[in-house]
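J.: Have a look at this one.
Readers should treat all values here as calculations from the given coordinates under stated rules, not as data from a laboratory. Just so it is clear, the structure is predicted and the values come from calculations on it, not from any experiment. Using ideal geometry, Cβ is built from the backbone for each residue, glycine included, and neighbour counts are taken over all protein chains shown.
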Amino acid sequence: MKIAVCIKQVPTREWQPRLDDAKTWIREQDASYEMNEPDAYALEAALRLREAHGGEVVVCSAGPPRVQQVIREALARGADRAVHVEDEMLAAADAGMVAEALAAAMVEERFDLVLTGLQSEDQGHGQTGVILGERLGMPHSTIIMEVEVHASSTEVGEGAHALARPSVRVKRELEGGWFQWVTMPLPALLTIQSGINQLRYATLKGIMGAKKKEIRRVPMPAGIQPSQQVVSLAVPVRSKETRILDGSPADTARELIRLLRDEARVL
């Protein structure tokens, strides 16, 4: 089975964001970077599927040259090779632009399964995976907690010309503690929820071996334009306010409950 995993490089969670002069993005030259955590869980899911069913895991990423850092990390964890759509414009690109760039580089690979993280930790739209599925012409499902691959359970066609087609059965997380099982034919695209498995770390042998693995660099296709524009960014301002409630104990209790419910929204 040929599995693609889309990964993104994002600023580390410990880094204190600093905005650029235009207040539309961060000062990238000051930031430290790491692999997007939901994508790390997608990579782990792909590696486990390869161990169970064979095949290869191909890491796909879109971004400037610095993205090679997380690509090498993914290869060190066990991915077989990588595809890198390299362009500085992709550093802060929106979901549609990233999906278009990845789809152009991935379409000829004919992957059986494409995994992405549920969302990125920098922009957090949760749209890249589903747009990529549309561009690749694949059925897709989101917020996946568990993946089961079946060799042949879906039939295509009728009568004597019916063909067995491999499928995937996935567990989706819904609201309120509910889950949903969905069966889909392959090829398909899934967006993986964080925390569904235990992440592995790169071994010394894996780190050394990653240096010899192939990274196919692909230029960004011409004509791709952003569909969204960041108008402004602002760093949250911390504030502290003390409010004194006066009156009878009963009135004070009622007012406190109202504040906790309607303003603090903790009830």
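J.: Over what distance in Å are the Cα centres of region 188-208 and region 169-184 separated?
T.: Between the Cα centres of region 188-208 and region 169-184 lies a distance of 21 Å.
J.: Right, next: Going through region 1-97, which trypsin sites (Lys or Arg not before Pro) have at most 14 other Cβ atoms within 10 Å and a DSSP loop state?
T.: 13, 18, 23, 27
J.: Using a 10 Å cut-off around each Cβ, can you sort 12, 116 from fewest to most neighbouring Cβ atoms?
T.: By the 10 Å Cβ count, ascending, the order reads 12, 116.
J.: How big is the C-alpha Rg of region 1-100 next to the rule-of-thumb value 2.2 N^0.38 Å, as a ratio?
T.: Working: Rg = 14.7 Å, N = 100, 2.2 N^0.38 = 12.7 Å.
The value comes to 1.16.
J.: While we're looking at this one, here's another question. For the chain, what is one quarter of the convex hull surface built on the Cα atoms, given in nm²?
T.: With the hull built on Cα positions only, its mean projection is 20.2 nm².
J.: Considering only DSSP beta bridges whose two residues both sit in region 2-233, what percent are antiparallel, to the nearest 5?
T.: Details: 20 of 48 bridges.
If we restrict to bridges inside region 2-233, about 40 percent are antiparallel.
J.: Calculate, in whole percent, how much of the Cα-Cα pair population of region 90-231 lies beyond 25 Å.
T.: I get 43 percent for the Cα pairs in region 90-231 exceeding 25 Å.
J.: What does the helix-only formula give at 222 nm for the chain: each DSSP H stretch with n ≥ 4 adding -39500 (n - 2.57), the total divided by the residues, and the result rounded to the nearest 500 deg cm²/dmol?
T.: -7500 deg cm²/dmol
J.: In debye, nearest 20, what is the charge dipole magnitude of region 2-233 about its Cα centre with +1 on Lys and Arg Cβ and -1 on Asp and Glu Cβ, if you could check? Write down the numbers at each step before the final one.
T.: Numbers: 25 positive and 31 negative charges, 145 e Å.
Dipole about the Cα centre, nearest 20: 700 debye.
J.: Quick one: check the C-alpha center-to-center distance for region 91-111 versus region 1-62, whole angstrom.
T.: After rounding, the separation between the Cα centres reads 14 Å.
J.: Determine the relative contact order of region 2-233: mean sequence separation of Cα pairs under 8 Å and six or more apart, normalised by residue count, in whole percent.
T.: Computed over region 2-233, the figure is 26 percent.
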